[in-house]
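Colleague: Below you'll find the structure I mean.
Read-outs throughout are calculated quantities, based only on the coordinates presented, and are distinct from any laboratory measurement. Worth saying up front: this structure is predicted, and the values here are computed from it rather than measured. Methodologically, a virtual Cβ is constructed for each residue, glycine included, from the backbone with ideal geometry; neighbour enumeration extends over all protein chains shown.
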Amino acid sequence: MFQTIKSLKLTIQSIIVFILISIFSLNLLAEENDSKFRKVEATGRAILIDGNIEISRKRALEDALYIAALKGGANVNGFSAIGANTVINDQAIITAAYKVIDFKILKETKSKEYLSIRISAIVGGDLSSKNCKVRPINISLFQGQLSVGSDVPSSLARKMSSWFNDFYEIISNTSNVSALDFRNSSIDEVIKSNKNSAFDYTALTNGIPYIQGGDYSLVPSLILTKDYSKNNIFSNFIVKISFKIYKGSDFKLMPIKTFNFPIKYNVDSKFQFLKNVSTLNINSVDIMLKEHLKTVTNSFFEDLYCRPLEGKLSLLNGELTVDLGSKQGLKEKQIGLVRGLKIKNSMLSNSSVVLHAESIGENNSKLLPLNDNVKLDSLDNLIVEFVE
């Protein structure tokens, strides 16, 4: 009886210990869980070995890196060894849920027995994952394309200009989107003027729209044609809706997004009466197309949210800046990556440079590299990709 009570007490203690460790783990994971990457500081210690300080330094650094990774989040596993109805041993295994992306040593101190190293580190997960977060989208709307086939009924053809204007209005009124209306300007002329604005007559007399890094330019398209692909008794038409999108101040063309809206208009008959009674109500078409335009516009911007926020780096007066700011959704201390540079002490497999936003302006921000071995001039004119 005594052994049974003792075993029960030990089992209860084991459960309590495991619960407490689990709560500790959850707290670590919950802390600043709204950001995928975190900047943390950690201190590691190791026993000072006489005559071989490098081993002590390595062990202290490994300890600091482990503690930094735990600050990003922890996984807890545990087990109990039981013999003769008695808990002999309780074990809890704590492992880091994330990894150290990059780090720098802040301070190294020695005492009679210990060597301590304090580091600043970036802790995070998979760099290749999409970060689909809603952020401000700044977009300039340029002259689009409106086209109607010659075999389209006049009742549909007359509505096209109205639908085209509705298309612009729907884009402009989309949530989290700030739109500038340049629908009377050709984007081709704007691109030419931006390349050589000093000698362009139109640019000198009328001025040209300036597109900020991280912003977009859009050329919408609405094309109405007869759909001959379906062989049936109905006259079918199709509205092709396209988003031709350019990114940044260099007008980089992105993949064109196209959506189709089918219209089963009426019975294709030689009898006018059958045509008339079977013709789809134009007001119904109007309502359905406008709803479709709203749906595809939301889908288009959701795709933009999943694309990384990118900007061009510039070295000005010894400071590293990027042509992005709060207007584009950049946040204080947000982490940015510059890929493809071989940097000493980088923890990344592809030797990327980790930057963080030091000060944020409206359209321009100052960045600092985490690693002190990075030369700022090596980053001039490169592209930085920001992660959440």
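Colleague: What spacing in nm lies between the two simple spin-label points modelled at residue 256 and residue 177, each 7 Å away from Cα in the Cβ direction?
Modeller: 1.9
Colleague: Turning to a different aspect of this structure: Which of the three applies to region 310-387, rounded, prolate or oblate, going by the alpha-carbon gyration tensor with a ≥ b ≥ c and a/c under 1.5 meaning rounded? Walk me through the numbers before you get to the answer.
Modeller: Numbers: a/c = 1.94, a/b = 1.53, b/c = 1.27.
Note, shape of region 310-387 comes out prolate.
Colleague: What distance in nm separates the simple spin-label points at residue 366 and residue 47, each placed 7 Å from Cα in the Cβ direction?
Modeller: 4.6
Colleague: Could I ask something else about it? Want the number for residue 186 to residue 143: 0.36 nm per residue separation, take away the alpha-carbon distance, what's left?
Modeller: Numbers: separation 43, 0.36 × 43 = 15.48 nm, distance 0.53 nm.
Residue separation times 0.36 nm, minus the Cα-Cα distance, leaves 15.0 nm.
Colleague: Also: Hey, rough spin-label estimate for residue 58 and residue 376, points 7 angstrom out along Cα→Cβ, what's it come to in nanometres?
Modeller: 3.5
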